[in-house]
Amino acid sequence: MLERVNLQIASGEFFSILGPSGCGKTTLLRIIAGFEQPTEGRILLDGQDVTSVSPRTRGVGMVFQNYALFPHMTVAGNVQFGLRHKGATTSEIRQKVGKILEAVHMENRADAPVPLLSGGEQQRVAVARAAVVEPGVLLFDEPLSNLDPALRASTREEIKTLQRRTGITSIYVTHDQAEALSLSDRLAVLHDGTVEQVGSPQEVYDRPSSPFVAGFLGNATLLRGEIDARSRQLRLGNLVVPLPSGFLPPHTGPVVVAVKPENVVPVREASSLNPLVRSVEYQGFTTSLLLNLEGQDIRSICVTSTLEVAPRPGQSVPIRIDWDRCSFFPKK
Amino acid sequence: MIRRTRVLEIIALLPLGAFLLGYVLFPIVTGIIASLSVEGKFSLTRYQELFGPGSSSLFESIINSTVVSFITVSLSALLGIFIAFVLLQLSQRTRTIAVLVSVLPLAMPPLVGVIALLFVFGEGGIVPRGIAMLLGLDRPLFYLEGFLAIVAVHTYAFHVYFILFVSTALQKLDASRIEAAESLGASPLNVFRNIVLPHLRPALLGASLLTFMSSMTSFSAPLIFGGDKHFLTTLIYATKLNGDVDLAAAQAALLMVVSATFFAAMMFSRDRGREESVGKGVSRYGVQKLSRAPRKAVVTLLAILLLLELLPPTAILLISFAREGSWTWQLLPGEYTLENYSRLFGDPSVFRPIANSVLMGCLTVLVTCVVGVSSAYAMSHGVLTRVRKVMDMVLSLPFSIPGTVIGLYLIIAFGGPTFMAGGAVLIGTFWIMPLAYVIRTYPIVLRSTCSSLDRIDGSLIEAAEGLGAGALSRLRRIILPLIAPGVISGALLVLILALGEFVSSILLYTPSNRPISVEILSQLRGYNFGSAAAYSVFLLVLVLALTFLSNRLARGDESAEISGFNF
């Protein structure tokens, strides 16, 4: 299922593994934790080969998607579980548990039984339980997916703060691009069991290495066209579009252009691009449009207040596409 | 709309109310009153007699029953937990077969299990005889009798409770919980002690209580193997046979209190142990596969145990083909014939008990369905939902009353003309046994219907209502079709239990109305082993077929867990 996965994660880094469901990201995480064995390949931790080391002694903490809290123990009982097995003294345990519960704002619920906690509270206990033993690596398996959207944003910030403060190297698996972009120092995009791209969030977002990454991370539309090198023009069906001066596309000939919705801007003045409006979705702060250009669908999103005209479905609207911000890939 | 629904609920409650008052409460109250009155006046004489001097047989029987029950629970737990864990070491396909074999003892009707063990390990049984012949002795080295035999029969049947309870609990154990503990540094032993065991605790408690209760109220095994030793149930039976019905009523009251206490404790532990739902993700118990050598050892041990479990039914099958009188001193019967079976269906007088049992079984199913379904509906809709838990307890209580007690109290209550029987005497008529069966089994249909009703998504009903369906139409077109599999699987279970019922039948039967179980006993007493075995095989095949059907219908239905029925 996983192939040619080669990742190096620096000490203290917050690293995300991003991909659609079924791409193998959870499997990769479970292999790192030691719950599953790779058929080949190695896992190195601090330069040590830990591939055959049991999860018990690997020194890897994990925050499970369903939290996996022990229902018959209190909050404190859950959090001190790992410390006990590391042979910490009672005073040490009390001090560390108190500190970590404070860090996740659960100091007042230390004696609460786990089943009485809300989803957000359970999530924070799960993080505290994994982090309190100060593992070499802290693994997160889509920890926010069971929370409601409002709680998700605030918990995201808390996780980031906690990681900064403790400096624990963290690997975070998610299918939510916003989570990966906002949390990570670097991230890897996984697709069908292979790594498509590794880099900082800005790098990966601005310069996707494949149409898949552009589509998955930037929600980009993929347009098929052809670039004429000499006239520096892009041909889209019957349309011929001049590329901006000073912009040199990396490929010529048949290409796939990944166009992010924010780079498709409705304008007031006349334009050579006048796609048909198929649908308008008002989202409050932003408005998104589904347009049809020369038989190809293309998405546009813009801040509602900057919209100079109110596009209606069935009409055509003049647009500008910022080609120098698009990604060009050779067409296979 | 609301008013019409109310009316429907009240109508639905009528059969239950009438049944509970007239046929459950009335006999119990009459029985207790009988134990409390001497010549029409209130008196505690019988209870003083119970605990006073000269009542050594009661004390003896309490001690005997308790000791047997404790040993049964310990052995059953040992055996059942072991099997449940080893089952997880098997591959999927072998496990399916092994599970089927391991729960077989529970499918054996009470008396059949006892007789099967008698044939294999009893004084003249195949195994003791075989060992004696092998060693050249003229007397068997050992055989099961008395205490040991009763404990063996009980363990044989009741250890299955532990298998079922523990297996179910293990399936519900979230694997990520174990992984979390592992990654926090817990050793396998630690994981077992801190995570697995606490998770199993409610299941172990439930299985222990059920086993203890079943063992205390067991009748068949003490009757056949008890000899001159008395147990609570056989003491009541003996007292009644001696003609002192009122003293028997007092003894029965004692047994009923013991049994009801354990039943209430069991219900309580079940509610406490209900697992809070876990989130999504991997949720199977990732039992670590043992390494090769120990795994081979435990699996071999399991195979031996399962073969041992198969011995008794195999022996019954073999002996059912034996020519009568051909099995006296030999290791195995000398001559084989189909005669026992051809008589079963050819000879009207031999076929009679089968016809009786089937007729009474069907009648029982009919009544339990009417009472069970209508009251389940009433309980899950409207006013009664508020007192649901209490109602659940009250309605399930007859389930906890030992068959011996029900039989005896029915004799007392319906031994004279009553309003409930239209002024007639029910004892000695055809109707008394189906009544006993209904009392003993209706909680099953009630339970299975309730759990089916609970699982109906409330939005379905609302959707139907929004589409204009009235209360009656919702009931007929939405609710009934959805609960049908649950009801039918419950009804099949009732049929199984009614067909094999022995404990109250032995007190209530009339010569013309003998059920299969009573006939098996009388054939056994007449040393017609072949006939007794043929009846048993017939019953066993019927029960297995019905169990199979019921399981097919109730796939994934928790109410289908085989309910405790008293041996």
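For chain A, what is the calculated [θ] at 222 nm in deg cm²/dmol (nearest 500), taking -39500 (n - 2.57) for each run of four or more DSSP H residues and dividing by its residue count? List each step's numbers first, then the result.
Values: 9 runs with 90 residues, N = 332.
That comes out to -8000 deg cm²/dmol.
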**Prompt:** Tell me, how many Å apart are the Cα centres for the range B:164-190 and for the range A:275-314?
**Reply:** 52 Å
**Item:** For the range A:8-117: relative contact order, % (alpha-carbon pairs under 8 angstrom, 6 or more apart)
**Value:** 20 percent
**Prompt:** In peptide B:183-196, what is the residue-averaged number of other protein chain Cβ atoms found within 10 Å of each Cβ?
**Reply:** 6
**For B:Y336, distant residues with modelled amide H under 5 Å away** = B:R323
**Request:** Only loop residues by DSSP count here, and only those with at most 11 other Cβ atoms within 10 Å; note down the trypsin sites (Lys or Arg not before Pro) in the range A:1-62 that meet that.
**Result:** A:R4, A:R42
**Request:** Can you pull a Stokes-Einstein diffusion coefficient for chain A at 25 °C (0.890 mPa s), Rh from Kirkwood over Cα pairs, as a whole number of µm²/s?
**Result:** 109 µm²/s
**Fill in**
Summing +1 per Lys or Arg and -1 per Asp or Glu among the other residues with Cβ less than 13 Å from B:S357's Cβ gives 0
**Message:** Report, in listed order, any pair from B:K240/B:K389; A:K25/A:K260; A:K25/B:K172; A:K160/A:K260; A:K260/A:K332; A:K25/A:K332 with a Cα-Cα distance greater than 30 Å.
**Reply:** B:K240/B:K389
**Prompt:** Restricting to chain A, what percent of DSSP beta bridges are antiparallel, rounded to 5?
**Reply:** 70 percent
**Item:** Descending semi-axes in Å of the protein assembly as shown, equivalent ellipsoid built from Cα gyration tensor
**Value:** 69, 34, 28
**Asked** Tally Lys/Arg at +1 and Asp/Glu at -1 over every other residue whose Cβ is under 15 Å from the Cβ of B:V120; what's the total?
**Response** -2
**Item:** Relative contact order (%) - criterion: Cα under 8 Å, at least six apart; region: chain B
**Value:** 22 percent
**Item:** Cα gyration tensor of the range B:66-181 - equivalent ellipsoid semi-axes, whole Å, descending
**Value:** 34, 16, 13
**Built amide H within the under 5 Å cut-off of B:F219, gap 5+** = B:F567
**Item:** nm² value of the averaged projected area, convex hull over the Cα atoms of chain B
**Value:** 30.8 nm²
**Asked** the range B:472-503 to the range A:147-192: how many Å between their Cα centroids?
**Response** 52 Å
**Stretch in chain B that is longest and holds no trypsin sites (Lys or Arg not before Pro) that DSSP places in a loop and that have at most 13 other beta carbons within 10 Å** = B:1-273
**Prompt:** With θ set to phi - 60° and the Karplus curve 6.51 cos²θ - 1.76 cosθ + 1.60, what are the ³J(HN,Hα) couplings of the range A:165-172 in order, to the nearest whole Hz, using x for Gly and Pro?
**Reply:** 6, 7, x, 6, 4, 10, 10, 10
**Fill in**
Which residues qualify? For A:V267, with a placed amide H closer than 5 Å and at least 5 residues away or on another chain, they are A:I319, A:R320
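Got a sec? How would B:D347, A:D185 order by Cβ neighbour count within 10 Å, fewest to most? Before the final figure, lay out the partial values.
Numbers: B:D347 10, A:D185 15.
Ranked by crowding around the Cβ, least crowded first: B:D347, A:D185.
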**Prompt:** Given a cut-off of under 8 Å on Cα pairs at least six residues apart, what relative contact order in percent is computed for chain A?
**Reply:** 17 percent
**Request:** Pop out the ³J(HN,Hα) list for the range B:515-522 in order, Karplus 6.51 cos²θ - 1.76 cosθ + 1.60 with θ = phi - 60°, rounded to Hz; leave Gly and Pro as x.
**Result:** x, 4, 4, 5, 5, 4, 4, 6
**Asked** What are the aspartates and glutamates whose alpha-carbon lies under 16 Å from the alpha-carbon of A:K96, with same-chain residues fewer than 8 places away excluded?
**Response** A:E107, A:D111, A:E134
**Prompt:** Helix A:75-85: angle to the longest alpha-carbon principal axis of chain A, degrees 0 to 90, nearest 10?
**Reply:** 70 degrees
**Fill in**
Computed, not fitted: 222 nm per-residue ellipticity of chain B from DSSP H runs ≥ 4 (each -39500 (n - 2.57)), nearest 500, equal to -23000 deg cm²/dmol
**Gyration tensor (alpha-carbon) shape descriptor, the range A:260-322, a/c threshold 1.5** = rounded
**Complete:** As a percent rounded to 5, the proportion of antiparallel DSSP bridges among beta bridges in the protein assembly as shown is 70 percent
**Asked** Applying the Karplus parametrisation 6.51 cos²θ - 1.76 cosθ + 1.60 with θ = phi - 60° to the phi angles of the range B:249-254, what ³J(HN,Hα) value in whole Hz is obtained for each residue in order, glycine and proline being reported as x?
**Response** 4, 5, 4, 5, 4, 4
**Prompt:** How big is the gap, in Å, between the Cα center of the range B:290-306 and the Cα center of the range A:119-133?
**Reply:** 40 Å
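Throughout, read-outs are computed from the coordinates displayed, never taken from laboratory work. Being a predicted model, the structure only gives us computed values, none of them experimental. With ideal geometry, Cβ positions are generated from the backbone for all residues, glycine too; neighbour counts draw on all protein chains shown.
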